[in-house]
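To start, the structure under review is shown below, and the notes come after it.
The values are calculated or read from the model by the stated rules, or taken from the named source; none is laboratory data. The structure displayed is predicted, hence computed values, not measured ones. Positions of Cβ are generated from backbone atoms using ideal geometry, with glycine treated the same way; all protein chains shown enter the neighbour counts. Note: areas computed on protein heavy atoms with side chains; ligands, DNA, RNA excluded. Shrake-Rupley method; radii C 1.70, N 1.55, O 1.52, S 1.80 Å.
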Amino acid sequence: MAVLGNPDMLTRKIKLCHINAHITCRLCEGYLIDATTVTECLHTFCRSCLVKYLEENNTCPTCRIVIHQSHPLQYIGHDRTMQDIVYKLVPGLQEAELKKQREFYQKLGMEVPGDMKGELCNLKTHLDQRNGDAKSEETANKEAGEEKPEEDNDYHRSDEQVSICLECNSSKLRGLKRKWIRCSAQATVLHLKKFIAKKLNLTSFNELDILCNEEILGKDHTLKFVVVTRWRFKKSPLLLHYRPKMDLL
């Protein structure tokens, strides 16, 4: 990897092993996958490792600070920036991870999620461009101008999709007219809160709790995370309940 150096030496190479401590998970000692950061202390781990650890603990694995006495999973968040850094620093890691995930779904006889197909296509395009197969700048600019409206209106349709049933389990709120929705797996619980609040004309989305299997979900949890950790062996759609905050079931 090349980085800025002193004026006499514009760049210098740094061995990957010298920065491994900053891009590896303390729990599994491997490179970070689906990097997730504890909001209280900003220490980062693989999401699957951290979730498993927090099933029996409520402290950070690194500094032992108490994340939350009863709901530590609500105080962790996906760290996209860190994950992008890891993928850029470690050659072949992203391709290998996508391949593993694709083989996993194929082994279960399930269709490969859309976002994996999209990422693999993007990787192929990137490699083609590096090999000199990219179109001329003039043509590329023209096509970019033509494709921009379509790109702007994509709304993450190329992402892996999740089918959801949103049920109200409180008499204080009315149910949605259309409780069946389908959206990107990268959407978060916060997005669902805002969606429900808008549909029900609530003054604030902070008035809502969203639950899965009677457990309140953290606002930063992605729907993919919810499916993997709480709905993995159940049939689609993902069933979620919403209620006024602090309302008793």
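Viscosity 1.306 mPa s, temperature 10 °C: Stokes-Einstein D of the range 11-52 from its Kirkwood Cα radius, in µm² per second? After rounding, the answer is 143 µm²/s. Sorted from longest to shortest, the spans of the Cα atoms of the range 210-249 along the three principal axes equal 28, 20, 12 Å.
Given R0 = 35 Å, the distance between the Cβ atoms of L239 and R26 translates into a calculated FRET efficiency of 0.55. Accessible surface of K199, taken over heavy atoms with a 1.4 Å probe and every protein chain present, rounds to 110 Å². Summed over all non-identical Cα pairs, the Kirkwood treatment of the range 7-105 gives a radius of 14.8 Å. Taking all protein chains as they are arranged and a probe of 1.4 Å, the heavy atoms of H18 leave approximately 130 Å² accessible to solvent. Going down the list K15/K224; K15/K99; K179/K235, which pairs span over 28 Å between their C-alpha atoms? In this structure, K15/K224 exceed 28 Å between Cα atoms.
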